[in-house]
1. With respect to A:PRO107, determine if the residue is away from chain B (no Cβ under 11 Å) and more than 20 Å from the chain's Cα centre (by Cα).
2. Would you mind finding the one in B:ALA134, B:ALA120, B:ALA139, B:ALA124 that is free of Cβ contacts under 8 Å to residues at least 40 places away in the same chain and of a type in the set (A, V, I, L, M, F, W, C)?
3. Quick one: would you say B:PRO107 is more than 28 Å from A:ILE43 (Cα to Cα) and either of a type in the set (Val, Ile, Thr) or in a helix (DSSP H, G or I) (or both)?
4. Filter segment A:60-83 down to residues that are surrounded by fewer than 18 Cβ atoms within 10 Å (Cβ to Cβ) and within 14 Å of chain B (Cβ to nearest Cβ) and give me whichever is farthest from A:ASP122 (Cα to Cα).
5. Answer with yes or no whether B:ARG126 is among the basic types (Lys, Arg) and either at pLDDT below 95 or more than 16 Å from B:LEU79 (Cβ to Cβ) (or both).
6. Count, please, the residues in segment A:23-48 that happen to be more than 8 Å from chain B (Cβ to nearest Cβ), of a type outside the set (Ser, Thr, Tyr) and within 13 Å of the chain's Cα centre (by Cα).
7. Which one of the conditions (1) of a type in the set (S, T, N, Q); (2) in a helix (DSSP H, G or I); (3) surrounded by fewer than 24 Cβ atoms within 10 Å (Cβ to Cβ) does B:THR96 fail to meet, given that it meets all the rest?
8. Among the residues of segment B:19-36, how many are free of Cβ contacts under 8 Å to residues at least 24 places away in the same chain and part of a loop (DSSP other than H, G, I, E, B)?
There are 2 protein chains.
Amino acid sequence: MDVIQALQQRRAAKAFDPNHQMAPETRRVLLENAALAPSAYNIQHWRVVDVRDPALRQAIRDVAWGQSQVTDASLLLVLCADLNAWQENPQRYWATAPQAVQDFLLPKLDEYYRGKPQVARDEAMRSLGLLGMAIMLLAQDLGYDSCPMDGFDFDAVARLIQLPQDHAIGYMIAVGKSVGTVWERNREPLSHWVIENHF
Amino acid sequence: MDVIQALQQRRAAKAFDPNHQMAPETRRVLLENAALAPSAYNIQHWRVVDVRDPALRQAIRDVAWGQSQVTDASLLLVLCADLNAWQENPQRYWATAPQAVQDFLLPKLDEYYRGKPQVARDEAMRSLGLLGMAIMLLAQDLGYDSCPMDGFDFDAVARLIQLPQDHAIGYMIAVGKSVGTVWERNREPLSHWVIENHF
């Protein structure tokens, strides 16, 4: 499916067929290609929890306004980020780059993040946005629907998935076969959000 | 172009043809379809500065490690977010939704963001990630290349584009015709970043 078509057909699914199972091969194609999304300095901070246990799904649903997508999706992904990935043996992120690039980037990376937790957090959230859009468009391409979700108790979900202290949750994405209806799409015109040269 | 193909072909362009001009119609298709990306509560916080003035491009390049993509791209977009968009007449974001949905969401939105600036900022960064991935995949689909950029002095660029106080810069995306070479792609295996059920 074309990128434009995938963007136009993607809507936030309100309900999924609880009986549909995604083939393991489809899951692999979806996740492997999603990770072709870029991340700052190629750090790939994303850590994605694939929630399969039905009891855990129900426990998450209980702290997510009871939304049915949590239990009924074929795939429920909690998109998290490792906020310290930038300092975990970072040279491996550019192992295939020319030596001169590696020599330039390694000190830059340290300077960019060290002592700046808000910078690392912003970056992590952006990367999870990039990854998530790739996941949702791939879902369309593979014949699925999706729903990005942030209507839940982040602290409660962090406890349920045993999130490490130095990680953060971005949001969840549910992927499945939509059985619900959606309302008419509503977007602001370009003139509202595109600014020429400066504000 | 297929979503998978677009993801597989997308690479961060290191250099662009400075003489190539993007047709206004292509720009419109790119931006209008990119905004079909989702955002939390459909707030569409994104505010995108399309930097066309060559002098402003050069000034930004001067605070962006001298990277040539800033001046040579056919389109240089500074992706910003309005951190207060959630309280700016928010009922308009769901004007096409059923009344019951509107009645549910409006108080939820206020409760979600009021007095929680970090939540609003996380959300904004995520939305800019979602929007940016859509922009980069659409660029591939339209025969272009792109480069996401965050190697620049954020405060200096904020001054140059006269960023309002209650806005934040996410990153920049340059779009154009790549003339450079890229090195081999480098990604961690799924086993590194996909976690089953919990950490």
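The values are calculated or read from the model by the stated rules, or taken from the named source; none is laboratory data. Everything numeric in this text was worked out from a predicted model, so none of it was measured. Reconstructed Cβ throughout: ideal geometry from the backbone, glycine too, with neighbour counts over all protein chains shown.
1. yes
2. B:ALA120
3. For B:PRO107, the condition - more than 28 Å from A:ILE43 (Cα to Cα) and either of a type in the set (Val, Ile, Thr) or in a helix (DSSP H, G or I) (or both) - is met.
4. The qualifying residue farthest from A:ASP122 (Cα to Cα) is A:GLY66.
5. On the way: among the basic types (Lys, Arg): yes; either at pLDDT below 95 or more than 16 Å from B:LEU79 (Cβ to Cβ) (or both): no.
The answer is no for B:ARG126.
6. 2
7. It is condition (2) that B:THR96 fails.
8. 2
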